[in-house]
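A short worksheet on the structure shown next.
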Amino acid sequence: MGESQSRYSIVERLTDSKLDLISEKSNIDESIEAHIQKIKEMKKDAEYYQTSALQDIDRELNKRGIEITKLEARLEYSKEKREEKLSRIDAKIAEIDKAMVALQEISKASAQEASA
């Protein structure tokens with residue numbers, strides 16, 4: 001009976017060792033699969049980031065393009081109105097000049113009347 005238990009004990013240890021090795025082999029495969037999955041996820045994230053970044057750049061470029069177009073339109077409007085505004089200012093300056101000449105004439109007339 002002792003010999004039978006000894007063989008049984010040896011078989012049990014060998015079986016346990018075999019199961020441990022099979023488990024270790026499985027863990028190696030799982031580890032490799034986990035690395036493969038991680039790489040796939042990182043590649044997918046990188047592609048998403050690139051796509052997202054390109055979309056952000058496109059949106060920003062479009063936004064700036066619209067702002068530039070608005071500024072160019074304002075510039076054109078300002079150029080168109082420039083002559084009109086300058087003409088109004090020149091007219092006001094001319095009126096002021098006329099008023100000053102009239103005041104000078106009144107001052108001269110008053111001075112002549114006072115000296116006469």
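Every number here is computed from the coordinates shown, using simple stated rules; none is lab data. All values derive from a computational prediction rather than experimental measurement. Here Cβ is always computed from backbone atoms with ideal geometry, including for glycine, and neighbour counts include all displayed protein chains.
Results, tabulated for the structure shown:
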read-out: Helix 2-115 vs. the chain, principal-axis angle (Cα, 0 to 90°, nearest 10); value: 0
read-out: Within a Gaussian network of the chain (alpha carbon springs, distance under 10 Å), most fluctuating of 61, 75, 14; value: 14
read-out: Full-stretch length increase - residue 66, residue 39 - with 0.36 nm per residue and alpha-carbon distance subtracted; value: 5.7 nm
read-out: Estimated 222 nm signal from helices in the chain, with DSSP H stretches of n ≥ 4 weighted -39500 (n - 2.57), rounded to 500; value: -38000 deg cm²/dmol
read-out: Separation in nanometres of the label points that stand 7 Å from Cα toward Cβ, at residue 114 and residue 49; value: 8.7
